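Engineer: Provided herewith is a single structure, encoded as structure tokens, for subsequent inquiry.
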Ligand SMILES: [Zn+2]
């Protein structure tokens, strides 16, 4: 059965995705032509040209080969996968194995990155990787637009005068960074929430896996966020929109919403929403999301 992805509008962005701890997580932003995590590569993410994978856990990374293969199958340009550079050889080995199994290779560009590295997405828009706390090779990603603004001291100059200043090699503009989206993947609390491009992003997409009071130990063991952690995290964040992902199946989403209300300030209620804001399909077994 296909993944029942959710589509919703958050701020001025469309978000298409599915995220349940230990099962599958993928969050695509079609307007930015970028997808965070592969999940099991539902068909909705296949047209997205850049796939950023935060870490190697299967519920986030399993779809990489299928994403690349499907793009080849439907005749789309090869996809780009951005992942921690230590994982690149393993992904290449995986793709080579699939090539031998299928009898033909699926083309794709695998870009290895680490903390602070930038990958251009389009003119004046970059993807920046940053370290998060979820095992050795876990990264978050921000999409940052660079805008050029005329320095105030040149505001009264005419067009030809500005051209002349430029000809003289004078820097008449400042570059301003506008963080559009930050995605932290799976992570415990850490200094990444204090990065300007994370805490000021127009949309922050973050996990909050556990809500029940007896799940604190699980959260710590798996380096995940428990709703209690939000009291320490939210005051540092200036994001107008925060989208929560990766909620465990162990807690009903309706209960999670109630518990959230009790753990955050009223001022935060409006800016926080859940990606999966309705109960998921039932399944027989609760996956072990501790290590996922
Ligand atoms: Zn994980």
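All of the numbers you see were taken from the coordinates with simple rules; none came from a lab. If you're wondering where the values come from, they're calculated on a predicted model, not measured in any experiment. All Cβ positions, glycine included, derive from the backbone under ideal geometry; neighbour counts span all protein chains shown.
Engineer: Would you calculate, for the chain, the mean residue ellipticity at 222 nm contributed by helices, counting each DSSP H stretch of 4 or more residues as -39,500 (n - 2.57) and dividing by all residues, to the nearest 500?
Structural biologist: On the way: 9 runs with 68 residues, N = 292.
Rounded to the nearest 500, the figure is -6000 deg cm²/dmol.
Engineer: Right, here's the next one. Taking 20 °C and 1.002 mPa s as the conditions, I'd like the Stokes-Einstein D for the chain in µm²/s, using the Kirkwood hydrodynamic radius from alpha carbon pairs.
Structural biologist: Value of D from the Cα-based Kirkwood radius: 107 µm²/s.
Engineer: Volume per residue, Å³, of the convex hull around the alpha-carbon atoms of the stretch 40-84? Walk me through the numbers on the way to the answer.
Structural biologist: Details: hull volume 2.7 nm³, N = 45.
Convex hull of Cα atoms, per residue: 60 Å³.
Engineer: Moving to a separate point now. How far is the Cα center of the stretch 84-153 from the Cα center of the stretch 159-238, in Å?
Structural biologist: Here the two parts' Cα centres lie 17 Å apart.
Engineer: How do 192, 246, 215 rank when sorted from fewest to most other Cβ atoms within 10 Å of their own Cβ?
Structural biologist: The most exposed by this proxy come first: 215, 192, 246.
Engineer: What is the packing order of peptides 263-270, 182-189, 27-34, taking the mean over residues of other C-beta atoms within 10 Å and listing the highest first?
Structural biologist: Result, highest mean first: 182-189, 27-34, 263-270.
Engineer: Calculate, for residue 49 and residue 267, the FRET efficiency according to 1/(1 + (r/R0)^6) with r their C-beta to C-beta distance and R0 30 Å; round to the nearest 0.05.
Structural biologist: 0.20
Engineer: Pairing the Cα long axis of helix 88-102 with the longest principal axis of the chain, what angle in degrees results, from 0 to 90 and rounded to the nearest 10?
Structural biologist: 60
Engineer: Measuring from label point to label point, each 7 Å out along Cα→Cβ, what is the residue 231 to residue 14 span in nm?
Structural biologist: Calculated label separation equals 4.0 nm.
Engineer: Here is a follow-up. Where both partners of a DSSP beta bridge lie in the stretch 6-291, what percent of those bridges are antiparallel, to the nearest 5? Walk me through the numbers before you get to the answer.
Structural biologist: Values: 35 of 60 bridges.
If I count the DSSP bridges inside the stretch 6-291, around 60 percent turn out antiparallel.
Engineer: Between residue 214 and residue 123, take the C-beta separation as r, use R0 = 51 Å, and let me know the FRET efficiency to the nearest 0.05.
Structural biologist: Efficiency for this residue pair is about 0.50.
Engineer: Given labels modelled 7 Å from the Cα in the Cβ direction, how far is it in nm from residue 85 to residue 100?
Structural biologist: 2.8
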